[in-house]
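Asker: Could you have a look at this structure, given as structure tokens, before my questions?
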Amino acid sequence: MLSTYAEIRDRIYQLARQHGLRVEWPEKTKSRQLLHLVNADQVVVAITTVPVRGITREALERLAADLEHLFGKDWMA
């Protein structure tokens, strides 16, 4: 499983490109970033938070589940 912010961010960008989605980061704090994935029709198809610091297993599991409908079950593996 991906475990660092850089790994997670890079995988999100990679998969978003493959699925024709635009990545937006509308809000940031020291510990997390809000993520919007937007399709070609300008519809937000996913909203979640990505942990930046103090990354916990629970936060990773929640992120994986939040994007599973777009990227597939094992997208963070």
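The values are calculated or read from the model by the stated rules, or taken from the named source; none is laboratory data. All of these numbers come straight from a predicted model, not from anything done at the bench. Ideal geometry is used to build each Cβ from the backbone, glycine not excepted, and the neighbour counts take in all protein chains shown. We work out accessible area using only protein heavy atoms, side chains counted, and drop any ligands, DNA or RNA first. Shrake-Rupley method; radii C 1.70, N 1.55, O 1.52, S 1.80 Å.
Asker: Could you check how much of the accessible area of the chain is carbon and sulfur, as a whole percent, using a 1.4 Å probe?
Answerer: Working: 2300 of 4760 Å².
Roughly 48 percent of what the probe reaches on the chain is carbon or sulfur.
Asker: Does anyone have the angle between helix 57-71 and the longest principal axis of the chain? Alpha-carbon axes, 0 to 90°, nearest 10?
Answerer: It works out to around 10 degrees.
Asker: Taking R0 as 25 Å, what FRET efficiency do you get between residue 11 and residue 41 from their Cβ-Cβ distance, rounded to the nearest 0.05? It would help to have the intermediate numbers written out before the result.
Answerer: Numbers: r = 24 Å, r/R0 = 0.96.
Efficiency at R0 = 25 Å is approximately 0.55.
Asker: With the Cα gyration tensor of the chain giving a ≥ b ≥ c as the square roots of its eigenvalues, does the rule (a/c under 1.5 for rounded; else a/b larger than b/c for prolate; else oblate) give rounded, prolate or oblate?
Answerer: Details: a/c = 1.85, a/b = 1.32, b/c = 1.40.
Here the chain falls in the oblate category.
Asker: Compute the relative contact order of the chain as a whole-number percentage, counting only Cα pairs closer than 8 Å that sit 6 or more residues apart in sequence. Can you show the working numbers first?
Answerer: Working: 105 pairs, mean separation 19.7, N = 77.
Relative contact order of the chain: 26 percent.
Asker: Another question, then. Accessible area per residue of the chain at 1.4 Å probe, in Å²?
Answerer: Values: 4760 Å² over 77 residues.
Accessible area per residue: 62 Å².
Asker: Then there is this: For helix 5-18, report the angle its Cα long axis makes with the longest principal axis of the Cα atoms of the chain; keep it between 0 and 90° and round to the nearest 10°.
Answerer: The angle comes out near 20 degrees.
Asker: Based on the Cβ-Cβ distance of residue 25 and residue 73, what FRET efficiency does E = 1/(1 + (r/R0)^6) give at R0 = 22 Å, to the nearest 0.05? List each step's numbers first, then the result.
Answerer: Values: r = 25 Å, r/R0 = 1.12.
Working from the Cβ atoms, E equals 0.35.
Asker: For residue 76, what charge total do you get from the other residues with a beta carbon under 14 Å from its beta carbon, if Lys and Arg give +1 and Asp and Glu give -1? Could the numbers behind the result be given before it?
Answerer: Numbers: positive: 9, 11, 57, 62, 73; negative: 7, 10, 58, 61, 66, 68, 74.
Local charge sum for residue 76: -2.
Asker: Would you mind putting 3-11, 61-69 in packing order, based on average other-beta-carbon counts within 10 Å, highest first?
Answerer: Details: 3-11: 13.9, 61-69: 15.8.
Taking the mean over residues of other Cβ atoms within 10 Å, the ranking is 61-69, 3-11.
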